[in-house]
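Colleague: Sharing a structure here in structure tokens format.
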Amino acid sequence: MTQTFDARRWWLLVTKHWSENKKKYSLSLLAFSGLLLLWWIFIVMDNHRAPAEDIQINAYYVVLFILGCLYASTLFADLGSKTKALNYLTVPASQAEKILCNLFYGVLVFFVCYTAIFYILDFVVVKAGNAMAYNRWLQQHDPRSVFKKETVANVFSGPSGLRDKGFSLYLLLLYFVLQSAFIYGSIYFSKFSFIKTVIALVLVGVFVSVVLAKLISPILPPGNFRDGISSFQVYTVKQASAGQGTMIYSDPATDKMMSIPSWIGQVLIFLLKYAFAPLLWLATFYRLKEKEI
Amino acid sequence: MIDIQNLHFAYRKKPVFTGLSLQLQPGFIYGLLGKNGTGKSTLLRTIAGLLFPDKGTVQVLGFTPGKRQPAFLQQVFMVPEEFYLPDVPLSHLVDHHAPFYPKFSAAQFEKYISEFEIPSGSTLQNMSYGQKKKVLISFALASNAAMLLMDEPTNGLDIMSKSQFRKVMAGALSEEKCIVISTHQVKDLENLIDRITVIDEGRILFDETAERISRKLSFELSFDGEEIQQSLYNESSLRGAAIVTRNTGDEEGKLDLELLYKAIVLNGDAVTAVLKIKPTL
């Protein structure tokens, strides 16, 4: 049996995790379903019709971000308690198996369960909302009008107006990156990991903004990025008449274009889109390896 | 089995070990004694791979504990002073936790559980701290791990359970196993420990087998003023003075761990000197 990863041992870990947490997980899913149902009932009662597709999609992502990050911040909470950490670290499984077991529940199982429950409730609410709206329409309708049913939204197509731009893909990628940051936070911070991770993310955001605004922007010539980040269009700078400073304007004839090879741009974009979450998982793995109690 | 060389360890700036070296062999029950804060629990955690040495090497069964490899963790079981067990029925513990230990014996677990008088169908959620501890000790023994580390195992056990513990432990030792028990409750472990190791200020103050101690030292009550004065250690009691003195006879005396510990701490050099004297032919 390998000391790094063994599928049988990993599966033992998965079943052990389930046997110890099934009560907690079942109750959490039940509570979440109840809250979501209450929210839908409120929306339907208020509007007297089923929620529109955009509302369904917005609700899906807002709740996904909040719940996903909250759950992620509890994923390694056991390591904040000495007794639970000892129990966790001394289980005869490799660090990789332990990380993959937690990611299996925190990333995959959570996402699948959340989406399934959302769709089940959404389906029921849209059907009920349509029935309610139809009855109302029968009583109050203008004979010339046509009853328009709401449909169950495809949350992965993105809200109307942004569907062609792969908006939902970017939202999902952002979600997984953010969730990975909270997973890392749950192992990095022993206590109050959710709040501390939020603060850390805000600080990182402020730092990046300051670096961009105060360090990068001043050294760049006047201009703008084109085609993502692979090209930079340098605007034309012209001396204005005496004593009136310089004029900056865009003129395709005199503007200059600075480009890096397109494959570098593509690799950078790929890394920005897909590498952050796995890198944060890797950081979590190393953090677990160096964990002492 | 355990080879610790020049171990240095500190909690931030507070040094705990500054060059500790120690070897432990299979087939013994080691009693790890020492004052509060001398590093007994830290040593056990270092052996279990839960703390990493700042300097020096720790080898356990040929493994470096800090790597926490599954093959190492399968052979080392730690019963900490404060512990966590999930709120599951005992059967779940056997079904889902035991498969990680290849040498785990369900029959032994049942046997130990019944010796500790724990109802086999019960759930951990409804158990007292002492009962949970007995379950953990039973599981640790049934895992048949080669290395068993116990930190204050009798804390939280009632009087009857302490007797049960001694009985169970005495039957659990084998040639391949090494059991290390760190404790302050020395009375609970008398007649159980084979070798006594005392840690003080991050170093080994004393390390000797119980058999040799019993042969060389005598623990008795005395009313003889001269004998009391010449003893290695004495303390007055209602029935005379309890003393630690040289065993001049041929037979092994009864070991009093509490008196021995006090004698080592207060008059360690003299005690060690007596133990080093070779028998005359």
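Bear in mind that the values in this text are calculations on the coordinates, not laboratory data. Everything quoted here is computed from the prediction, not taken from an experiment. No Cβ is skipped: glycine too gets one built from the backbone with ideal geometry, and neighbour counts run over all protein chains shown.
Colleague: Let me check against my output: what whole-number percent is the relative contact order of the stretch B:8-159, with C-alpha pairs under 8 Å and at least 6 apart? Display every interim value, and only then the final one.
Modeller: Details: 172 pairs, mean separation 36.3, N = 152.
Once divided by the residue count of the stretch B:8-159, the mean separation gives 24 percent.
Colleague: Let me ask something else about it. Enter the mean number of other protein chain beta carbons within 10 Å of the beta carbon of each residue in B:66-74, as an integer. Please report the intermediate quantities before stating the final value.
Modeller: Details: counts 3, 4, 12, 7, 13, 5, 2, 6, 4.
So the per-residue partner count for this stretch is 6.
Colleague: Of all DSSP beta bridges located in chain B, what percent are antiparallel, nearest 5? Mind showing how you got there, number by number?
Modeller: Numbers: 32 of 50 bridges.
Among the beta bridges of chain B, antiparallel pairing accounts for roughly 65 percent.
Colleague: Amide H of residue B:200 versus every other amide H placed in the peptide plane: which residues, excluding those fewer than 5 positions away on the same chain, fall under 5 Å?
Modeller: For residue B:200, whose amide H was placed from the backbone, the distant partners under 5 Å are B:205.
Colleague: Hey, another quick one. List the chymotrypsin sites (Phe, Trp or Tyr not before Pro) within the stretch B:205-235 that fall in a DSSP loop (any state other than H, G, I, E or B) and whose Cβ has at most 11 other Cβ atoms within 10 Å.
Modeller: Those satisfying the criteria are B:223.
Colleague: Taking the Cα centre of each part, how many Å lie between the stretch A:45-121 and the stretch B:161-231?
Modeller: 52
Colleague: Which of the lysines could a cross-linker bridge to residue A:22, judged by Cα under 28 Å and excluding same-chain residues fewer than eight apart?
Modeller: Leaving aside lysines fewer than 8 places away in the same chain, those within reach of residue A:22 are A:82, A:84, A:98, A:191, A:196, A:289, A:291, B:103, B:132, B:133, B:134.
Colleague: Please identify the trypsin sites (Lys or Arg not before Pro) of the stretch B:200-258 that satisfy two criteria: DSSP loop assignment and at most 14 other Cβ atoms within 10 Å. Which are they? The partial results should precede the final answer.
Modeller: Details: sites: B:203, B:212, B:215, B:216, B:239, B:246, B:254; in loops: B:239, B:254.
Listed in order of number, the matching sites are B:239, B:254.
Colleague: In whole Hz, what ³J(HN,Hα) sequence does the stretch B:240-246 give by Karplus (6.51, -1.76, 1.60; θ = phi - 60°), x for Gly and Pro?
Modeller: Using θ = phi - 60°, the values come out as x, 10, 7, 10, 10, 9, 5 Hz.
Colleague: Residue by residue, what Karplus-based ³J(HN,Hα) values in Hz, rounded to whole numbers, does the stretch A:271-288 have, using 6.51, -1.76 and 1.60 with θ = phi - 60° and x for Gly and Pro?
Modeller: 5, 4, 7, 10, 8, 4, 5, x, 5, 5, 5, 5, 4, 4, 4, 5, 5, 5
Colleague: Along the Cα→Cβ direction, 7 angstrom out, place labels at residue B:174 and residue A:115. What is the inter-label distance in nm?
Modeller: 5.0
Colleague: Moving on to the next point. I'd like the Karplus ³J(HN,Hα) series for the stretch B:249-265: coefficients 6.51, -1.76, 1.60, θ = phi - 60°, whole numbers in Hz, and an x wherever there's a Gly or Pro.
Modeller: So the J values, rounded to whole Hz, are x, 8, 8, 6, x, 8, 7, 10, 4, 5, 5, 4, 4, 5, 4, 5, 5.
Colleague: Report the calculated FRET efficiency for residue A:203 and residue A:225 (r = Cβ-Cβ distance, R0 = 25 Å), to the nearest 0.05. Don't skip to the answer; put the middle values down first.
Modeller: Working: r = 26 Å, r/R0 = 1.03.
FRET efficiency, residue A:203 to residue A:225: 0.45.
Colleague: Does chain A come out rounded, prolate or oblate, given a ≥ b ≥ c as the square roots of the eigenvalues of its C-alpha gyration tensor, rounded meaning a/c under 1.5 and, failing that, prolate meaning a/b above b/c? Intermediate values should be presented prior to the final figure.
Modeller: On the way: a/c = 2.48, a/b = 1.12, b/c = 2.21.
Oblate is the answer for chain A, as a/c is 1.5 or above yet b/c matches or exceeds a/b.
Colleague: Can I ask one more? Give me the angle, in degrees from 0 to 90, between the Cα long axis of helix B:106-115 and the longest principal axis of the Cα atoms of chain B, rounded to the nearest 10.
Modeller: Long axis of B:106-115 versus the principal axis of chain B: about 50 degrees.
Colleague: Also: What spacing in nm lies between the two simple spin-label points modelled at residue A:154 and residue A:65, each 7 Å away from Cα in the Cβ direction?
Modeller: So the two model labels end up 2.4 nm from each other.
Colleague: Moving on to the next point. Pulled fully out, how much extra length does the chain show between residue A:248 and residue A:4, if you take 0.36 nm times their separation in residues and subtract their Cα-Cα distance? Could you put the intermediate results ahead of the total?
Modeller: Details: separation 244, 0.36 × 244 = 87.84 nm, distance 5.92 nm.
Additional length available on full extension: 81.9 nm.
Colleague: Rounded, prolate or oblate: pick one for the protein assembly as shown, where a ≥ b ≥ c are the square roots of the eigenvalues of its C-alpha gyration tensor, a/c under 1.5 means rounded, and failing that, prolate if a/b is larger than b/c, else oblate. Before the final figure, lay out each step's value.
Modeller: Numbers: a/c = 3.48, a/b = 1.95, b/c = 1.78.
Prolate shape, in that a/c is at least 1.5 and a/b is the bigger ratio.
Colleague: To continue, here is another question. Going by how many other Cβ atoms sit within 10 Å of their own, how do A:180, A:186, B:237, B:222 line up, fewest first? Provide the component values of the computation, followed by the final result.
Modeller: On the way: A:180 24, A:186 27, B:237 9, B:222 16.
Placing the least packed residue first, the sequence is B:237, B:222, A:180, A:186.
Colleague: Kindly provide the Kirkwood hydrodynamic radius of chain B in Å, to one decimal, from all pairs of distinct alpha carbon atoms.
Modeller: Working: mean 1/r = 0.0496 Å⁻¹.
For chain B, the Kirkwood estimate is 20.2 Å.
Colleague: Moving to a separate point now. At most 14 other Cβ atoms within 10 Å and a DSSP loop assignment: could you name the GluC sites (Glu not before Pro) in the stretch B:199-272 that fit?
Modeller: Working: sites: B:201, B:208, B:211, B:220, B:226, B:227, B:235, B:251, B:252, B:258; in loops: B:201, B:251, B:252.
Passing both the DSSP loop test and the Cβ count: B:201, B:251.
Colleague: Identify all lysines with a Cα-Cα distance to residue B:254 below 23 Å; exclude those on the same chain that are fewer than 8 residues away in sequence.
Modeller: B:162, B:167, B:187, B:216, B:262, B:276, B:278
Colleague: Once you have the Cα-Cα distance between residue A:140 and residue A:290, take 0.36 nm times their residue separation minus that, and quote the gain in nm to one decimal.
Modeller: Working: separation 150, 0.36 × 150 = 54.00 nm, distance 6.81 nm.
Here the segment from residue A:140 to residue A:290 would lengthen by 47.2 nm.
Colleague: Right, here's the next one. On a full-extension model of 0.36 nm per residue, what is the gain between residue A:255 and residue A:169, subtracting their alpha-carbon distance, rounded to one decimal in nm? Mind showing how you got there, number by number?
Modeller: Details: separation 86, 0.36 × 86 = 30.96 nm, distance 3.42 nm.
So the chain would gain 27.5 nm between residue A:255 and residue A:169.
Colleague: Show which aspartates and glutamates lie in cross-link reach of residue B:14 when reach means a straight Cα distance below 14 angstrom and same-chain residues fewer than eight apart are skipped.
Modeller: Output for residue B:14: B:54, B:201.
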